[in-house]
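Rule-based calculations on the coordinates, nothing more; no lab input. In this text, all values refer to a predicted model and were calculated from it rather than measured experimentally. Cβ: placed from backbone, ideal geometry, glycine included. Neighbour counts: every protein chain shown.
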Amino acid sequence: MELWEAIKGRRSVRAFLDRPIERDLLERLLEAAIWAPSGGNAQTWRFVVIDDPAQIRRVRIVSPGLLGDPAAVIIVCQDLTRARAKGGKLGETFLAPIDAAMATQNLLLAAYAEGLGTCTIASFHKKGVGRLLKLSEGVEPILLVSVGWPAEAPPVPPRHREGVFLFEDSNE
Ligand SMILES: Cc1cc2nc3c(=O)[nH]c(=O)nc-3n(C[C@H](O)[C@H](O)[C@H](O)COP(=O)(O)O)c2cc1C
């Protein structure tokens, strides 16, 4: 798939077909995620994939932003203990969430290129998800990504340009 088509064509999908996703394909999405840049190449991200419908239902209970019935949910986490060991307070509080977001965008674009629909979800209870997944001490979920075969083609939310792009000399 052409890069611009992926960047512009990807949408947040919130309605999915009742069709599973092969583990190999899910792994390819994770492979795309780990090729994202990370501050100091720290790579302290962790990805937990759930594709058991019962577990997805449990995660949904503590995640008001998770809509539809995705075949899988990928929990993009950060090992904050390792992030702190590698990059101090800056690594833990600043670089770690940025790195997680960078990895997430790679994952979204790879999923789109594979014909999958995704939605990034920040509206979830961190402690609730952490408990359900039995995450190790110091590992924190940053974002959820719902993944499934799309059952909708969402409208394109407009992008604004006015006052958004600033070339330094345009302020003169
Ligand atoms: C950090 C972040 C958090 C988001 N959280 C949610 C969420 O909790 N639930 C949801 O349905 N969509 C969520 N979204 C998706 C946005 O609503 C969506 O990206 C935006 O409306 C633009 O639409 P598009 O992704 O189709 O271009 C989130 C997106 C981002 C980047």
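Below is a table of values for the structure above.
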{"item": "Column: log10 I(q)/I(0), Debye, Cα scatterers of the range 3-151, q = 0.11 Å⁻¹", "result": "-0.39"}
{"item": "Helix-only mean residue ellipticity at 222 nm for the chain, each DSSP H run of n ≥ 4 adding -39500 (n - 2.57), per residue, nearest 500", "result": "-11000 deg cm²/dmol"}
{"item": "Sequence-distant lysines (8 or more away, or on other chains) whose Cα lies within less than 23 Å of residue 89", "result": "126, 127"}
{"item": "Sequence-distant residues sharing a close amide H with residue 71 (under 5 Å, placed H)", "result": "147, 148, 149"}
{"item": "Loop sites in the range 69-161: trypsin sites (Lys or Arg not before Pro), DSSP, at most 16 other Cβ within 10 Å", "result": "134, 159, 161"}
